[in-house]
Protein chains: 2
Amino acid sequence: MKQMDEFGTAMEAEILEAPAAIATATAAAAEAELPRPTGVVLFARGTSEHAALYGRYLIEALAGVPVMMGAPSLATAFRAPTGLDGWLAIGVSQSGETQEIVACLDWAAERGATPLAITNAPGSALARVGQAIELGCGIERAVVATKTFVAECAALASIAYSWSSADPEWPRVIEAAKHEIAARTDEVLVRAIVEARSMTVLGRGYHNPLALEIALKVMEGCGVWATGMSWADLLHGPIAALPPGSTCLLLGESGALSASAEAVVTRLNDADVRPYVLGTEGTPIAEPLNPILEAIPAQNAVLAAARQLGRDPDSPAGLTKVTQS
Amino acid sequence: MKQMDEFGTAMEAEILEAPAAIATATAAAAEAELPRPTGVVLFARGTSEHAALYGRYLIEALAGVPVMMGAPSLATAFRAPTGLDGWLAIGVSQSGETQEIVACLDWAAERGATPLAITNAPGSALARVGQAIELGCGIERAVVATKTFVAECAALASIAYSWSSADPEWPRVIEAAKHEIAARTDEVLVRAIVEARSMTVLGRGYHNPLALEIALKVMEGCGVWATGMSWADLLHGPIAALPPGSTCLLLGESGALSASAEAVVTRLNDADVRPYVLGTEGTPIAEPLNPILEAIPAQNAVLAAARQLGRDPDSPAGLTKVTQS
């Protein structure tokens, strides 16, 4: 039986490995030398699906390649006759052993796509479907994934940039990640999570996937029900049901969407909700890459909140590292 | 000032118009005679986005055309250089006046796609971008949309079937919808919504969009926070935060995903959550079309629950019929 002062020791160590994870993942992605496809279809679940969705935004925005988030049921249950000649099908799975995602990649290959695995497990079932980008960030022990989310995002960003003329400047990103690692935990955010009965995490554009991911971390790590969504979607109905005084975290309020963010903050204040805004202190990097950095302080805050709540994010009740469904 | 016994009179009348809405929408879609495209990109928000997502499943499953859910920020804020030659870009909007969706369709046309509007408003800004399918189901007065959701789903299903060899048998679907209209309101479901502090609505495959839509109706109509999601996603983390005894509605437990549904019900029971299962009493129709029918009893239950909660779904506080963001 684990002692309470051992709660989250694996998660803590793994958050610290984020800069190294960015380095190995981007190096592996560069080595893959992927040719530009007609389209990209992405398959993943949970944290890996949020990384995949982040890749969806970057691949379309930077490279102009159409990207579709694959619906696993279409592949596994309905056997859709989708025409995928010339497409790249990417399965993203930390463990490489989520059978549903392996089946999706097999299906996509049958439909004409070139299969590619992004995984942290060399020789895993997913890695054996076709070409594989191995994240190389070492075994992840905590059930609440941290470094592999950062690594998956970085690998997908690396692919997106490889099909564009822009330079991601990875050494600069890695330096900035080290800065985030060394930064103090945001105690105001920690208290907000600890005291929340439920949470809403809002992000748009490049930050939408990170909003979904932080909401998932809060649920897995802290046992607090959390909903991640685009703030644009919030205004199309859900705002009518947001309890006054509820806990709301807003990401990505600077950049191309700053005017949109400002408008939603005004609407939230009208609804008696004061959103907490997450930012980073790191070196400035290209706007599309900011969510990779911002994941780090958010993961740190979830870890600290979980400990204050007496919960162990290394092995939360009811969850396992590999989900089969 | 409206009297409480007038609450939801528009919504009630509009739910009754569902069979007629299916008839006019599918007739308009058939008249459009759309050629099969290389791919489809869909743009919508709120209820229309759920109809679009339903279309995404049917177009891929029945016609094998790749379908991408467009990210509005990529079109409007990031001006992604997406290559859409040969693609059909569909903007779905009841009012046809959501400027963001008009801008998305303009962007897609600039990127090479053929623009198509699905709207209930002839001559609206969206209808003027290119070809338009007019749903023809008359003005919708209630802010909580019902008949236009059914009509948008039917129009998109009609497009999907037109690119396949299968026959949707619309007259049979319309008869089944009349049966749903005449069915008694499900009082157990109504009580479940009225007593819920928050709700989870689960659906997978063809039923995933309806799960998102019912959750939105519960929020808009009843002011109860609700989360719609795939039950497969629930198992990848959120189940750890589901409060014991919380209110959970499950859709689509029969058909190709019945084994998957059974597995999630077992997991929910282990977590002390007893899901309420929604079905219909209608004539059997093709599996992909079932969600169109099942929308009707769900909308009826939301209307009854809203009235019991003393809320007016025709004009909920804080919401307007056309959302600009």
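Once you have a ≥ b ≥ c as the square roots of the Cα gyration tensor eigenvalues for the stretch B:238-309, tell me rounded if a/c is under 1.5, and otherwise prolate or oblate according to whether a/b is larger than b/c. Before the final figure, lay out each step's value.
Numbers: a/c = 3.00, a/b = 1.18, b/c = 2.54.
The shape class here is oblate.
What does the C-alpha gyration tensor say about the overall shape of the stretch B:55-96? Classify as rounded when a/c is under 1.5, otherwise prolate if a/b is larger than b/c, or oblate.
Oblate shape, in that a/c is at least 1.5 and b/c is the bigger or equal ratio.
I'm a student and want to see the number: the projected area of the Cα convex hull of the protein assembly as shown, averaged over all directions, in nm².
Reported value for the Cα convex hull: 25.2 nm².
So if I place +1 on the C-beta of Lys and Arg and -1 on the C-beta of Asp and Glu, and nothing else carries charge, what would the dipole magnitude of the stretch A:96-168 be about its Cα centre? I want it in debye, nearest 20. Numbers along the way, then the final one.
Details: 4 positive and 8 negative charges, 16 e Å.
Once rounded to the nearest 20, the dipole reads 80 debye.
Just checking the output field for A:216-225: average partner chain Cβ neighbours within 10 Å of each residue's Cβ? Show your work: numbers first, answer last.
Values: counts 6, 1, 2, 6, 6, 3, 2, 4, 3, 10.
The per-residue average across the peptide is 4.
Put the label 7 Å from Cα along Cα→Cβ for residue B:191; what are its distances to the other copies, in nanometres, shortest first?
Those label-point separations list as 4.4 nm.
What does the buried accessible surface come to for B and A, summed over both chains, with the probe at 1.4 Å? Round to 100 Å².
The buried area between B and A, both sides summed, comes to about 4900 Å².
Would you mind working out the accessible area per residue for the stretch A:234-325, using a 1.4 Å probe, and quoting it in Å²?
With all protein chains present, the stretch A:234-325 gives 39 Å² per residue.
Sum up the charges of everything whose Cβ sits under 13 Å from the Cβ of residue B:17, counting Lys and Arg as +1 and Asp and Glu as -1, but leave residue B:17 out. Write down the numbers at each step before the final one.
Details: positive: B:141, B:147, B:178; negative: B:12, B:14, B:140, B:180.
Local charge sum for residue B:17: -1.
Short version: ³J(HN,Hα) in whole Hz for each residue of the stretch A:54-69, in order, from phi by Karplus 6.51 cos²θ - 1.76 cosθ + 1.60 (θ = phi - 60°), x for Gly and Pro, what are they?
Once θ is set to phi - 60°, the couplings for the stretch A:54-69 become 4, x, 4, 5, 5, 5, 6, 5, 8, 10, x, 8, x, 10, 10, 7 Hz.
Could you give, in nm with one decimal, how far residue B:321 is from each other copy of that position, shortest first, with labels 7 Å out from Cα toward Cβ?
From this label point to the equivalent ones elsewhere in the assembly: 5.6 nm.
Distance in whole Å from the A-onto-B rotation axis to the closest C-beta of chain A, together with the residue it belongs to, please.
A:68, 2
Which Rg and Dmax, in Å, describe the Cα atoms of the stretch A:139-199?
In order Rg, Dmax, the Cα atoms of the stretch A:139-199 give 15.9, 46 Å.
Once the Cα gyration tensor of the stretch B:118-232 is diagonalised, what are the square roots of 5 times its eigenvalues, in whole Å and ordered largest first, as equivalent ellipsoid semi-axes? Provide the component values of the computation, followed by the final result.
Numbers: eigenvalues 153, 70, 50 Å².
Each semi-axis is the square root of five times an eigenvalue, giving 28, 19, 16 Å.
If we sort A:190-197, B:99-106, A:38-45 on the protection proxy, mean other Cβ atoms within 10 Å, highest first, what's the order?
A:38-45, B:99-106, A:190-197
Limiting things to C-alpha atoms, what are the Rg and the maximum Cα-Cα separation (Dmax) for the stretch B:1-55, in angstroms?
Rg, Dmax (Cα atoms, Å): 16.5, 53.
What ranking do A:82-93, B:127-138 get when scored by the average of other Cβ atoms within 10 Å per residue, highest first? Don't skip to the answer; put the middle values down first.
Details: A:82-93: 24.3, B:127-138: 20.3.
So the order, starting with the most tightly packed, is A:82-93, B:127-138.
Take every Cα pair under 8 Å in chain A that's 6+ residues apart, average their separations, divide by the length, and report that relative contact order as a whole percent.
Here the relative contact order equals 22 percent.
Work out the mean other chain Cβ neighbour count within 10 Å for the residues of A:189-201 and drop it here as an integer. The partial results should precede the final answer.
Details: counts 0, 0, 0, 0, 0, 0, 0, 0, 3, 6, 1, 1, 0.
Mean inter-chain Cβ contacts per residue within 10 Å come to 1.
Of A:147/A:321; B:147/B:217; B:217/B:321; A:2/A:147; A:217/A:321, which ones are farther than 19 Å apart at the Cα?
Details: A:147/A:321 14 Å; B:147/B:217 13 Å; B:217/B:321 14 Å; A:2/A:147 23 Å; A:217/A:321 13 Å.
Listed pairs above 19 Å: A:2/A:147.
Starting from a label point 7 Å past Cα on the Cβ side, list the distances from residue A:270 to the same position in the other copies, nm, shortest first.
For residue A:270, the inter-copy label distances come out at 4.6 nm.
Taking chain B as a Gaussian network, Cα atoms linked when under 10 Å apart, which of B:125, B:109, B:286 shows the biggest mean-square fluctuation?
B:286
Counting only protein heavy atoms and using a 1.4 Å probe, what share of the accessible area of the stretch A:42-89 belongs to carbon plus sulfur, as a whole percent? Walk me through the numbers before you get to the answer.
On the way: 420 of 930 Å².
Here it works out to 45 percent.
Once the other residues with Cβ under 11 Å from the Cβ of residue B:126 are scored (Lys, Arg +1; Asp, Glu -1), what is the net sum? If you can, show how the numbers build up before the last one.
Values: positive: B:128; negative: B:97, B:100, B:106, B:134.
Result for the neighbourhood of residue B:126: -3.
Can you find, among A:199, A:156, A:138, the residue farthest towards the positive end of the dipole of the stretch A:131-199? Put +1 on the C-beta of Lys and Arg, -1 on that of Asp and Glu.
A:199
Which order do the peptides A:181-187, A:65-71 come out in when sorted by mean C-beta neighbours inside 10 angstrom, highest first? Mind dumping the intermediate values first?
Values: A:181-187: 12.6, A:65-71: 24.4.
Packing proxy ranking, top to bottom: A:65-71, A:181-187.
Size of chain B along its principal axes in angstrom, Cα-based, largest extent first?
51, 49, 42
What is the sum of charges around residue A:64, taking Lys and Arg as +1, Asp and Glu as -1, for the other residues whose C-beta is under 15 Å from the C-beta of residue A:64?
It works out to a net charge of +1.
The values are calculated or read from the model by the stated rules, or taken from the named source; none is laboratory data. None of these values were measured; they are calculated from a predicted model. No Cβ is skipped: glycine too gets one built from the backbone with ideal geometry, and neighbour counts run over all protein chains shown. Accessible surface is based on the protein model in full, side chains and every heavy atom, while ligands, DNA and RNA are left aside. Shrake-Rupley method; radii C 1.70, N 1.55, O 1.52, S 1.80 Å.
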